[in-house]
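Encoded as structure tokens, the structure appears first; notes follow it.
Each value in this text was obtained by applying a stated rule to the coordinates, not by laboratory testing. Quick caveat, the model's predicted, so the values are computed rather than measured. We place every Cβ from the backbone using ideal geometry, glycine too, and count neighbours over all the protein chains shown.
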Amino acid sequence: MSLIVSSALAAASGDLVPTSFESTLHILARANFDRITAPSRLLETEDVVSVHRNPETGEVKLILERRAAEATWGALLTAYKLIRRADQGRRDTPFVSEESLQKVGLRQPPLDWIVKNLTDANPLLYPGTFSEVFRTYYSAQRLVGDLTFWMAQCQVEASNLEADGIQSGWDWKSALNSYVIPPHRPYHFRYPEDSFESYNPRLPTFDPRLIRGAEREALMEDEDRDEKSSSEWAVVLHPTESHYSRHFPHFDPFSGQPQEELNGCLGRESCFTEA
């Protein structure tokens, strides 16, 4: 079976010219590592901060600095998401489908720790002793490397199968490229047209104070908050030409009834309503 590597699986910098199976794996592993923006630097003293001291034992509890913790945990979550996207088999668990594993001849990737904490707080932000914080950080960092290498192995096996006309059960091209907003075309991103109604710039400027439930604290000075009465927020909307009336043509601005809430408008010159 010949070794075929799709350019879609490699980093965009330069042509991929593998000299051996082993070097190809490392090239792809490096590309995957960059793709999920995993922190590769060593832990620094500034990354470990104290949070409190045990009143009985006097032991100081430490915690990993938030940016380092979120970068590492975010990389693990991204790796998990990419693997799940690429897996085209039937999945009745949060792990990779056995059907897809059998096709490429691989074992389950090491996802247990990620799956265990999917619905909890970032496990890298739990306080502990220095040795506990130290071990957790470097264990998570090693896990990032293990996952990117596993992804490279899976990509190579899937590409070889497809080169021989065999369905691999994996779609890495879509997994790596779907939902990506490329840096050279930042203005091409759009909300799905069938899900949102976009703001019409020709309408009068939208004022978030018109919407019930807006965070009024963001719209007044601290010293004035207690002095503002609810009556001061009352408004009369133009029955046909106001921004709000255009979004809700059946709303009667003179009825005294509260307006319906618009989603995503606070602090913005545009807003979107669910279709």
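So if we plug the beta-carbon distance of Tyr138 and Gln167 into 1/(1 + (r/R0)^6) with R0 = 30 Å, what FRET efficiency do we get, rounded to 0.05? Calculated value: 0.15. Amide H contacts for Lys61 (H built 1.01 Å from N in the peptide plane; partners 5 or more residues away or on another chain; cut-off under 5 Å): Val51, His52, Arg53, Asn54. Using 0.36 nm per residue and subtracting the Cα-Cα separation, the extra length available between Ser23 and Asn54 on full extension is 6.1 nm. If you take all other residues with their beta carbon under 12 Å from the beta carbon of Glu98, and give Lys and Arg +1 and Asp and Glu -1, the sum is +1.
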